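First the structure, in the form of structure tokens, and then the observations on it.
The values are calculated or read from the model by the stated rules, or taken from the named source; none is laboratory data. Just so it is clear, the model here is predicted, and its values are computed rather than measured. Here the Cβ positions follow ideal geometry from the backbone for every residue, glycine too, while neighbour counts run over all protein chains shown. These area figures cover heavy atoms from the full protein model, side chains too; ligands, DNA and RNA do not enter into them. Shrake-Rupley method; radii C 1.70, N 1.55, O 1.52, S 1.80 Å.
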Amino acid sequence: MERRIKLKTLNKHITCEICKGYFIDATTVTECLHTFCKSCLVKHLEENNTCPTCQNVIHQSHPLQYISFDRTMQDIVYKLVPNLMEDEMRREREFYKSRNLPCPKDMPQQQQDSDDKANEQAHQEADYHRQDEQVNVCLDCISNNLRHLKRRFIRCSSQATITHLKKFLAKKVLNGIERYKDIDILCNDELLGKDHTLKFVYVTRWRFKDPPLRLQYRPRVDI
């Protein structure tokens, strides 16, 4: 039996908390999975580094690198809301036309593929923060329930966070990056917050000690 439901009962799931309108170019924060309109979220992150919904820190210095276009959510919104896609396309075309610019969505597929290829190449040629200030880190296991790293010493960007290290360790010692929440990282026997950058840890916990920065890891619970 077919059951009809009112669109308003779904609104809280398909509207942006910032502008209160339906998602346009739905974009999700990869750390907490909250979704917003792309333009709303980017504007918010120009002056903030936290999620507008849960206030969790996305990244202390590069939050825009931790958001992602949510094609599935956007397709759902367009299917649920009558004429939304057509109205948005019309407004977008009018916007670019008023500025004598071609609308990206009207570009031939060949040109779009060429642009995508160029973007991919640029991404591959990026330095991946190699130009950042670097921090030498020694990672020691303090539990018999986890494997020890074959190579304890790593060198990475000072902007990397404790969450990045936890994901690295999860992949190496738990055989699954998705299990990073099962690992705790400590410095001087003090548990470190997931959003602390290595720069912050070095300055506040290791400033007057010789490098490398020594961190310990252990399972959060018995594994």
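A few comments on the model shown:
- The calculated FRET efficiency for residue 11 paired with residue 39, based on their beta-carbon distance and R0 = 25 Å, is about 0.80.
- Solvent exposure of the chain, expressed per residue, is 68 Å² of accessible area, with all protein chains present and a 1.4 angstrom probe.
- Which of 41, 145, 217, positive extreme of dipole for the chain (C-beta unit charges): 145
- Average Cα contact separation per residue, the stretch 7-99, under 8 Å, 6 or more apart, as relative contact order %: 26 percent
- Heavy-atom accessible area order for 32, 19, largest first, 1.4 Å probe: 19, 32
- For the chain, a simple Cβ point-charge model (Lys and Arg +1, Asp and Glu -1, everything else neutral) yields a dipole of about 680 debye relative to the Cα centre.
- Selection from 68, 9, 192 lying farthest towards where the dipole of the chain points positive, charges on Cβ: 192
- Modelled FRET efficiency - R0 22 Å, residue 75 with residue 3, Cβ distances, 0.05 increments: 0.50
- ³J(HN,Hα) computed for each position of the stretch 18-35 - Karplus, 6.51 cos²θ - 1.76 cosθ + 1.60, integer Hz, glycine/proline x: 7, 9, 6, x, 5, 4, 10, 6, 3, 10, 10, 6, 5, 6, 10, 6, 8, 10
- Peptide ranges 150-159, 169-178 listed from the most packed, as the mean C-beta count within 10 angstrom indicates: 169-178, 150-159
- Mean-position separation - Cα centroids, the stretch 142-177 and the stretch 25-54, in angstrom: 28 Å
- Measuring with a 1.4 angstrom probe and ignoring ligands and nucleic acids, residue 85 comes out at about 90 Å² accessible.
- 28 Å Cα-Cα threshold exceeded, pairs from 12/38; 12/199; 171/199: 12/199
- For the stretch 166-183, 3J(HN,Hα) per residue [Karplus equation, 6.51 cos²θ - 1.76 cosθ + 1.60, θ = phi - 60°, Hz, x = Gly/Pro]: 5, 5, 4, 5, 4, 5, 7, 10, 10, 6, x, 4, 5, 9, 4, 6, 7, 10
- Estimated [θ] at 222 nm from DSSP helical runs (n ≥ 4, -39500 (n - 2.57)) normalised by residues in the chain, nearest 500: -10000 deg cm²/dmol
- Of the solvent-accessible surface of the chain, computed with a 1.4 Å probe over protein heavy atoms with every protein chain present, carbon and sulfur atoms account for 49 percent.
- Mean Cα-pair separation over length for the chain, i.e. relative contact order, pairs under 8 Å, 6 or more apart, %: 15 percent
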